[in-house]
1. Fewest first, what order do TRP180, TRP156 take by the number of other Cβ atoms within 10 Å?
2. What percent does the relative contact order of segment 63-172 come to when contacts are Cα pairs within less than 8 Å and at least six residues apart?
3. List the trypsin sites (Lys or Arg not before Pro) within segment 1-56 that DSSP assigns to loop and that have no more than 15 neighbouring Cβ atoms inside 10 Å.
4. Fewest to most neighbouring Cβ within 10 Å: what's the order for THR145, THR286, THR159?
5. Could I have the simple spin-label model distance between HIS260 and GLU16, label points 7 Å from Cα toward Cβ, reported in nm to one decimal?
6. Going highest first, how would you order 108-117, 87-96 by mean Cβ packing within 10 Å?
7. When the label point is put 7 Å from the Cα of ALA289 along its Cα-to-beta-carbon vector, which residues of segment 199-216 have a backbone N closer than 11 Å?
8. Cα centroid distance between segment 213-290 and segment 1-28, in Å?
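Readers should treat all values here as calculations from the given coordinates under stated rules, not as data from a laboratory. Nothing here was measured: the structure is a model prediction, and the numbers come from that model. We place every Cβ from the backbone using ideal geometry, glycine too, and count neighbours over all the protein chains shown.
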Amino acid sequence: MVAPAFDYVAAESYDEAVRLLAAGGEDAKILAGGQSLMPMLNLRLAHPELLIDINQADQRSPSVAGGLLRLPALTRHRVLLEHDLVRQHCPLLADAIRHVGNVRVRNRGTIGGSLAHADPTSEIGSCALVTGAQVVVRGPDGDRTVPAAELFDTYWTTTMAPAEVITDVLIPVARPRQGWSFQEMVRRTSDFAIVAVAALVELDERAEVIIAARVALAGVADRVTLADPELPAEVTCADADFDAAGAAIADRLEPATDVHASGEYRRRLARVLVARALRQACARATGAAT
Ligand code: FAD
C-alpha cells in the first residue's frame, strides 16, 4: 500500500515541533521512529497533511539523577534493551523490550512514540504504569509532567492535547529488595501481545515481608491497565497465595473478544501470567532468582 501525499518538515527542536503542531492543527502529526505511523499511513488509517519529523530535535542519551532514570523521548527500543543505565535501574523495561516487534522495529521505534501511540497491548506502556513513570510533555504553554497512569485514554488515544509533544520519560530507579518480572503470551515471536503482565514486588528491610506489589496488564482492555494484587498485610513471599491474587485480578477484568483471542481466553491468560509474574518478582526480590 502507498501512503497518501503529505508535506514533510524536519523540526530542529521540540519548541519548533510544538509551533508547527499548533499551526497545523488536526492535519499535522509528529513523526518519530515511524514504526506505527508509517504503517497507518500506508494502510490509509491516518491522513495527516503534514508530518513533523522530530528525529533531529534531540540528541540526548539516557541519564540518572535524583532517583529518576531519564529517558529522552527519542530513545530507541534497541537502546532501552542494551543501555547499561536502563539495565541497572529499570531491568524490567530492558527485559520487556525483547518482546517489542522485531529487530527492525526496535532499531527505529522510540519510547516517546510508543507511549504516544497508546497501543493497549504495549509492553512499554505497561512498564511505565507499573513503575510509576512520569511523562514530560511540552505544549504551547510550556512543559508539564503527566503520570503514566493518567496518559492513556482509550484505544490508540492519549490525554495529551493536540499540540503537545512528549520530550522525556522519568522512571523511579529500582530500589533495593525490589523484584520484577515481565510475562507475555504471543502466538508468534514479534507479534503484538495477546496478554502481557509487568510486576514489581518490594520487600521490607529484612527481605521477608512484602511491603508493595503492583502489576500492570496489556491486552485486556482498551488501554494498558494497573491492578492491585491485594496481598494480605505482613505476608511473606513463601506464604503469599499468588494464584489467588491472579484469579482475583482476572475476575475483575472484562477483556474484549477479537480476531486474535476470545475475552475468556485473555482472562485465563491474565490469571496465569499475573501469578507467574508475582512469583518471579518475589524470587528476584529475595535473591532466589536473577
Ligand atoms: P511513530 O510511528 O513515529 O509515531 C507513532 C505515534 O506517536 C504517531 O501518532 C506520532 O504522531 C506520535 N508520536 C511519536 N513520537 C511522539 C512524541 N515524542 N510526542 C508526541 N507524539 C509522538 N509495539 C509494541 O508495543 N509491541 C509490539 O510487539 C510491537 N510490534 C510491532 C511489530 C511491527 C511489525 C511493527 C511495524 C510495529 C510494532 N510495534 C509494536 C510498534 C512499535 O513499537 C512502534 O515503534 C511504536 O509503537 C511507535 O514508536 P515510533 O517512534 O515508531 O512512533
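1. On the way: TRP180 25, TRP156 17.
Ascending number of Cβ neighbours within 10 Å: TRP156, TRP180.
2. Numbers: 196 pairs, mean separation 34.0, N = 110.
About 31 percent, as a whole number.
3. Those that pass, being in a loop and sparsely packed, are ARG44.
4. On the way: THR145 10, THR286 17, THR159 13.
Going from sparsest to densest Cβ surroundings: THR145, THR159, THR286.
5. 3.7 nm
6. Details: 108-117: 24.9, 87-96: 21.1.
Descending packing order for the listed peptides: 108-117, 87-96.
7. The answer is 199, whose backbone nitrogens lie closer than 11 Å to the label point.
8. Cα centroid to Cα centroid, the span is 40 Å.
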